[in-house]
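Structure, as structure tokens:
Each reported figure results from applying straightforward, stated rules to the coordinates on display, with no laboratory input. Because the structure is predicted, anything quoted here is derived from the model rather than measured. Backbone-built Cβ (ideal geometry, glycine too); neighbour counts: all protein chains shown.
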Amino acid sequence: MTALALIGAPGSGKSTVGPLLAARLGVPFVDVDAVIESRQGREIRDIFADDGEPAFRVLERDVTLELLAGDGVVSLGGGAPLTPEIADALAAVPTVWLQVDARNAVKRIGLDEGRPLLAGGGVRATLIKLLNARTPVYRRLADIEIDTNGREPDALADAVLAAL
Ligand code: S3P
């Protein structure tokens, strides 16, 4: 098997659905943000705070390209598909977009100020802006689109499996 990519906004359920899907497929699950954090020995929010977003995007690009060249279900950071090299790599692997509306993304995330891009400006307003900018990119890159709104993780993993 090649990698299978999960893309979508923060709060779309990538980190929850990903492991369930990987278990059903009998393949490993890898979360790009978790790999970056473990290699860097610090949290994403600290990388943003210490080094800035551009430096994070370089780390993200390198780790994402490496993991997409491997096996298993790979959960990408919400902003990763906007990096051109990552978009090119996604064209070569099955890519599943977990689509979520802002209202449901906020419900899943809560008021999690730990996500650096959502900190400070009001989670809901920021998510709406992110979704407006990114939805066309997610749609263009996805082979499979799954509507996650109002659905539980197990049902979503089943839906992805049925769509593969
Ligand atoms: C980001 C989403 C985060 C993380 C970083 C940037 C984004 O991942 O990569 O904070 O640009 O939307 P999740 O999508 O897992 O929250």
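Worth pointing out:
- The charge dipole of the chain, taken about its Cα centre with unit charges on the Cβ of Lys, Arg, Asp and Glu (plus for the first two, minus for the last two), comes to roughly 540 debye.
- 5 angstrom amide H check on residue 7, placed H, neighbours 5+ away: 96, 97, 98
- The chain: calculated mean residue ellipticity at 222 nm from DSSP helix runs of at least 4, using -39500 (n - 2.57): -16500 deg cm²/dmol
- Near-label residues of the range 24-55 by backbone N, under 14 Å of a point 7 Å along Cα→Cβ of residue 144: 24-27
- Three-way shape call for the range 3-151 based on the alpha-carbon gyration tensor, with the a/c threshold at 1.5: rounded
- Evaluating 6.51 cos²θ - 1.76 cosθ + 1.60 at θ = phi - 60° for every residue in the range 72-88, the Karplus couplings come out as x, 7, 10, 8, 8, x, x, x, 4, x, 7, 7, x, 5, 6, 4, 4 Hz, glycine and proline recorded as x.
- Positive end of the dipole of the chain (Cβ unit charges, origin at the Cα centre): among 2, 137, 23, the Cα lying farthest that way belongs to 137.
- Across the chain, C-alpha contacts under 8 Å between residues 6 or more apart give a mean separation that, scaled by the residue count, equals a relative contact order of 35 percent.
- Amide H contacts for residue 31 (H built 1.01 Å from N in the peptide plane; partners 5 or more residues away or on another chain; cut-off under 5 Å): 75.
- The distance from the alpha carbon centre of the range 145-161 to that of the range 13-69 is 21 Å, rounded to a whole number.
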